[in-house]
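Below: one structure, written as structure tokens.
Nothing in this text is a laboratory measurement; each read-out follows from the coordinates by a stated rule. If you're wondering where the values come from, they're calculated on a predicted model, not measured in any experiment. No Cβ is skipped: glycine too gets one built from the backbone with ideal geometry, and neighbour counts run over all protein chains shown.
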Amino acid sequence: MALVLVFSQAITGLLLLFLYSPEMSKAYDSIRVIQNQVIFGKLVRNLHHWGANFLIVIVFLHMLRVFFTGAYGGLRNVNWWIGLGLFLCVVISNFTGYLLPFDQLSYWAITISIGMFDYIPLVGPHIREMIIGGPDVNQSTLSNFYAAHIALIPILLTILLPFHFWRVRKAGGVVLPFKTDKNSEGRTNKVPTDPFLITREVSAALLITALLLLVSVLFNAPLTGSANTGMSPNPAKAPWYFSGLQELLQHFHPTFAVFVIPLFLSVLIVLLPYIKQSHDTDGIWFISAKGRKTGLISAVCALILVPFIIIISENIFQPSLVFPGFPLIITDGLIPFLCLLAFIAGLYVYVNKYQTASRTETVQAVSIFILVSFVVLTIVGYWFRGQGMALCWPWDMTMSEIALTK
């Protein structure tokens, strides 16, 4: 499915290039021409927009499959890192393409997202200026994003994708359970690639293509008014895949929300292949029956605890008010972060000792808690934040606010 979406993005993106103009004064008008004056122009843009969003979701789900079947250790550790690089390329491709319409929605979403770099100690402001080519989003920013979107990222994908597939074959194909059926001669039973594998792959390709076409016909890619650099919308939100980070900003000091916590999680993800696991669990979803049980406990815990903490943090308890006079980086950053680490450590001990889970099952349970927590933060930031980033019900938002968050 991911490969089909990559080809779809390449084809639709190439068609859009014929009419798109990467200049601040012309970018928005060129998108309007594509949508309103070119035959099937709106459909092609819809396919490109929704295909980009689908690609993030599909690649993310693929990475979850790799994780939950234990297909990231041994000979597959290098491919895990290549997969992380591919996922990063997909996210950057979406992010750079988000600005290209240069409408009110994209301009301020990119402005907010890029502004998060200011909270990275020492080098953050320099990285932000290097990316956008100045103090604010301008023509240099549009040119940089355009070049990265149509050249740099496609080149990286062209290099990494074949290498990724080659590493899968080198590791023996898709990971399978250790205990497989064997014939009387002790060899593993196999079936022909055609039609067994080919039929499934073609079916998956047709399914994602049909779904993409259906969504593209029913829902138009968002396009608000031309970018107004002097008037930000309310609320002004980052793209949905960064909504979790933006929601963290509501509860943590900015340095912890956009630097310490993401860095901590990134290190854990990169080092994941070094966690020793049992070989006989490779290819088995969620490791074992106990792994499924502890994973479910962690997921339910996150689904209950995270919304509760969000509501408490929003309306009742604020550390900066409890400890007046202390620096905000301590009251809103260090203290909540240490509490989070203490809870994760407690969850690890509970699953490992009281549920008598193995190390691999325990790591999986903790990972599920973190994963579900981030998904909840993303949903809250995307759907439940209204004017002034205040909590509200999605149906209480005005139609203009809904349009700006799609």
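Tabulated data
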item: For region 113-157, the fraction of alpha-carbon pairs in successive 10 Å shells from zero, as %; result: 29, 43, 27, 1
item: Residue (of I312, L268, T255) at the positive-pole extreme of region 243-406, dipole from beta-carbon charges; result: L268
item: Dipole magnitude (debye, nearest 20) for the chain, charges at Cβ of Lys, Arg, Asp, Glu; result: 1260 debye
item: Mean ellipticity per residue at 222 nm, deg cm²/dmol - from DSSP H runs of n ≥ 4 across the chain, formula -39500 (n - 2.57); result: -20000 deg cm²/dmol
item: For region 73-83, 3J(HN,Hα) per residue [Karplus equation, 6.51 cos²θ - 1.76 cosθ + 1.60, θ = phi - 60°, Hz, x = Gly/Pro]; result: x, x, 5, 9, 5, 4, 5, 4, 5, 4, x
item: Within region 243-406: Cβ-based charge dipole about Cα centre, in debye rounded to nearest 20 (Lys, Arg +1; Asp, Glu -1); result: 460 debye
item: Gyration tensor verdict on region 201-320 (Cα atoms; rounded if a/c is under 1.5, prolate if a/b is larger than b/c, oblate otherwise); result: oblate
item: Hull-based mean projected area of region 243-406, where the convex hull spans the alpha carbons, in square nanometres; result: 11.5 nm²
item: Net charge over other residues, Cβ less than 12 angstrom from the Cβ of A365 (K, R count +1; D, E count -1); result: +3
item: Quarter of the Cα convex hull surface for region 1-64, i.e. its orientation-mean projected area (nm²); result: 4.6 nm²
item: Net charge of Cβ neighbours under 13 Å - reference S143; Lys, Arg +1; Asp, Glu -1; result: 0
item: Relative contact order for region 243-406, counting Cα pairs under 8 Å that sit 6 or more residues apart, in percent; result: 37 percent
item: Relative contact order, percent, the chain [alpha-carbon distance under 8 Å, six or more residues apart]; result: 21 percent
item: Debye log10 I(q)/I(0) at q = 0.08 Å⁻¹ for the chain, Cα point scatterers; result: -0.51
item: Cα lying deepest toward the dipole's positive end in the chain, options M1, F219, Q355, charges on Cβ; result: Q355
item: Dipole-positive endmost among F343, I110, A238 within the chain (Cβ charges, Cα centre); result: F343
item: Candidates L305, L245, L122: whichever shows maximal mean-square fluctuation once the chain is modelled as a Gaussian network with Cα springs under 10 Å; result: L122
item: 24 Å Cα cut-off, lysine pairs counted over region 243-406 (separation 8 or more, or different chains); result: 5
